[in-house]
Amino acid sequence: MGGRWRCPDAVDARCEHNKDVENLDTIPGIRPAAAEIISAETGGDMVQFATAGHLASWIGVCPVMNESAGATKSARTCNSNSNLKRLLSTAAMSVTRNEDCYRSGR
């Protein structure tokens, strides 16, 4: 029993989760509750998304382009993760309504 005591893996995972939530909380418009929801909806592991574009596509905030023979058929956003899409749009609106935001004076 002379070995060092080591934290269980669950505690290490919780510490990583808290660090991710703290990093998300630094984004303007994202509060701790919103950071928890983002972490829960994405699974907390961003390795599954190769780029930010893949994440945006999974959330459903990038427009869908259906083009055939030069004629555009649709430019709507796709229906994907509606909870996360709603959360991010609300966060974006709260930032633009803030007096300290550089876009608020427009």
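The values are calculated or read from the model by the stated rules, or taken from the named source; none is laboratory data. Owing to the predicted nature of the structure, the values given are computational and were not obtained by experimental measurement. No Cβ is skipped: glycine too gets one built from the backbone with ideal geometry, and neighbour counts run over all protein chains shown.
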Matching residues in the stretch 39-63 (touching an Asp or Glu at 6+ places or on another chain (Cβ under 9 Å) and of a type in the set (A, V, I, L, M, F, W, C)) number 2
Checked THR42, THR72, THR90, THR51 against criteria (at negative phi, surrounded by fewer than 10 Cβ atoms within 10 Å (Cβ to Cβ) and at pLDDT 85 or above); the one match is THR51
